[in-house]
Amino acid sequence: MSSRIVGPFPRLQGLDPVNADDPLDLLERCDLINAVLAEAKLCCNGYAQGHQRDEYWGADLSELVIRCAPHRINGESFPVNIRIETLQAVVDDNNEIMGWKYAEGSD
């Protein structure tokens, strides 16, 4: 099975930073990313066989969004964050997402 990269996604460009202390802000960002993926007609793992594991990517999206807020990794002295505007999905022949690609930066 082959794979290809989809993204970055125009609707994720120029967003204000996510506020990790505001649950509503986190949920709204997850919802936005979910809508962007749906618009691109991307599916979750198992979709083609009717055995979807996480139809709305709840685990993946919450992790991505939380990591959009500056955080420290492995004791680094400066915070880093996912630059959501660089988000790309690695998809298979069934348009099922197999993984994510993104750039990290410090803000």
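List of remarks:
- For E96, nonlocal amide neighbours, meaning residues 5 or more places apart or on other chains whose placed amide H falls under 5 Å from its own, are C43.
- Taken one residue at a time, the phi angles of the range 17-32 give Karplus couplings (6.51, -1.76, 1.60, θ = phi - 60°) of x, 6, 9, 5, 8, 10, x, 5, 5, 4, 5, 5, 5, 4, 5, 4 Hz. Gly and Pro are set to x.
- Mean residue ellipticity, 222 nm, helices only, the chain: the sum of -39500 (n - 2.57) across DSSP H runs of n ≥ 4, divided by residue count and rounded to 500, is -7500 deg cm²/dmol.
- Which of S77, S3 has the fewest Cβ neighbours within 10 Å, and the rest in rising order: S77, S3
- Derived scalar couplings ³J(HN,Hα) [the range 8-15; Karplus, 6.51 cos²θ - 1.76 cosθ + 1.60; whole Hz; x for Gly, Pro]: x, 9, x, 5, 9, 8, x, 6
- Proximity of backbone amide H atoms, modeled 1.01 Å from N, is registered between F9 and L87 at under 5 Å, excluding neighbours fewer than 5 places apart on the same chain.
- Ordering of 18-28, 57-67, 93-103 by burial proxy (mean other Cβ atoms within 10 Å per residue, highest first): 57-67, 93-103, 18-28
- Residue by residue, the range 94-104 carries 3J(HN,Hα) couplings of 9, 6, 8, 6, 9, x, 10, 10, 6, 9, 10 Hz when phi is fed to the Karplus relation 6.51 cos²θ - 1.76 cosθ + 1.60 (θ = phi - 60°); x denotes Gly or Pro.
- The mean sequence distance of close C-alpha pairs (under 8 Å, at least 6 residues apart), as a share of the length of the chain, puts its relative contact order at 34 percent.
- The chain shape via C-alpha gyration tensor axes, a/c threshold 1.5: prolate
Read the figures in this text as sums done on the coordinates, not as results from a lab. Keep in mind the model is a prediction, meaning the values are calculated, not measured. No Cβ is skipped: glycine too gets one built from the backbone with ideal geometry, and neighbour counts run over all protein chains shown.
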